[in-house]
Amino acid sequence: MDVYEAVHTRQSIRRFTDRPVTPEVLHRVLTAAANAPSGSNLQPWHVYVVAGEPLAELKKRVAMRVAAGDSGDDREFAIYPPELRSPYLERLAALGDGRYGSLGIARDDVRGRARVRAENWNCFGARTALFCYLDRDMPAPRWSDVGIYLQTVMLLLRAEGLHSCAQEAWAEYHRSVAEVIDPPPERMLFCGMAIGFADPRVAHPRIRRAPLSEHVTFVD
Ligand SMILES: Cc1cc2nc3c(=O)[nH]c(=O)nc-3n(C[C@H](O)[C@H](O)[C@H](O)COP(=O)(O)O)c2cc1C
């Protein structure tokens, strides 16, 4: 698979099969992904791969919290600015309409949307998840390093026939994740990532991108 194919076939998958991902594949992917660039080669990512009983336990803990109406832990960072402006607002709405609309869930069906969203904490059925932490004192440029690293992982997963879904939703229950992972106190959970084989029995709708003219300016 060449890089273009990996980029074009990567999409966030939200329904995985039961088929397990072997540790050999994960080692291969994560060994290669460590070549991702980072400012001054700090490599600020800290990755925990969770599967088997620990992942089942984590899913169970968060499912219980969600079922009890617990809206999550104190957030350590904002995922949007205080006021999401155009064109971001429209893009967010389009994602929601596409995702929930394809399941027949209306915009005002708050409970329906919450039910679908809660699948995040089941990793959409995936049996392997990765949790990515970084040191709490890392400034914005180092967060970008982590993003570059995560995309490298996602593309390499494609080369192995695997799919993924990055999940910042896990940060909403970061204390439960920490109970299972037990990270050093200076580390903060950025996001999880569900990893597995896409379920071929369901549709995996793709979300469109803004045209090049909206985000690229050639100055020549
Ligand atoms: C850092 C990051 C966090 C994300 N968190 C979530 C999440 O919590 N739940 C989810 O369903 N999708 C999540 N996504 C997936 C995005 O919604 C998705 O990448 C975007 O809509 C584009 O769709 P595509 O990945 O299918 O191309 C996340 C993506 C990124 C890069």
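Take each peptide in 133-146, 45-58, count the other Cβ atoms within 10 Å of every residue, and average; sorted highest first, the result is 45-58, 133-146.
Comparing Thr31, Ala203, Pro184 along the charge dipole axis of the chain, the residue lying farthest to the positive side is Ala203, per the Cβ-charge model. Evaluated with a Cβ-only charge set (Lys, Arg +1; Asp, Glu -1), segment 49-197 carries a dipole of roughly 460 debye about its Cα centre, given to the nearest 20. Between Ser86, Ser38, Ser176, the residue with the greatest mean-square fluctuation in the GNM of the chain (Cα pairs under 10 Å linked by springs) is Ser86.
By Kyte-Doolittle mean hydropathy of at least -0.5 and Cα axial length of at least 24 Å, which whole DSSP H helices of the chain are selected?
The qualifying helices are 140-159.
Quick one: net charge of Arg142's neighbours, Cβ under 12 Å, K/R +1, D/E -1? Once positives and negatives cancel, what remains is -2. Would you mind counting up the charge near Phe197? Only other residues with Cβ under 9 Å from its Cβ, with Lys and Arg at +1 and Asp and Glu at -1. Value of the local net charge: -1.
Highest mobility in the GNM of the chain, judged by mean-square fluctuation with C-alpha springs under 10 Å and restricted to Thr128, Thr17, Thr31, is found for Thr31. Mean residue ellipticity, 222 nm, helices only, the chain: the sum of -39500 (n - 2.57) across DSSP H runs of n ≥ 4, divided by residue count and rounded to 500, is -12000 deg cm²/dmol. Each of His174, Thr17, Ala159 was scored by the projection of its Cα onto the charge dipole of the chain, and the greatest displacement toward the positive side belongs to Thr17; charges sit on the C-beta of Lys, Arg, Asp and Glu. From the largest down, segment 1-100 spans 40, 37, 32 angstrom on the principal axes of its Cα atoms. Ordering Pro44, Val3, Tyr80 by Cα displacement along the dipole of segment 1-97 toward the positive end leaves Val3 in first place; charges were set at the Cβ atoms of Lys, Arg (+1) and Asp, Glu (-1).
Here the chain was treated as a single set of alpha-carbon atoms; its pair distances binned every 10 Å from 0 give 7, 29, 39, 21, 3, 0 percent.
About its Cα centre, how strong a charge dipole does segment 159-220 have in debye, to the nearest 20, once Lys and Arg get +1 and Asp and Glu get -1 at the Cβ? Mind dumping the intermediate values first?
Numbers: 6 positive and 9 negative charges, 61 e Å.
The calculation lands at about 300 debye.
Any read-out appearing in this document is the output of simple, stated calculations on the displayed coordinates, not a laboratory observation. Just so you know, these numbers come straight off a predicted model, no measurement behind them. When we count neighbours, we look across all protein chains shown, and the Cβ atoms used for this are built from the backbone with ideal geometry, even at glycine.
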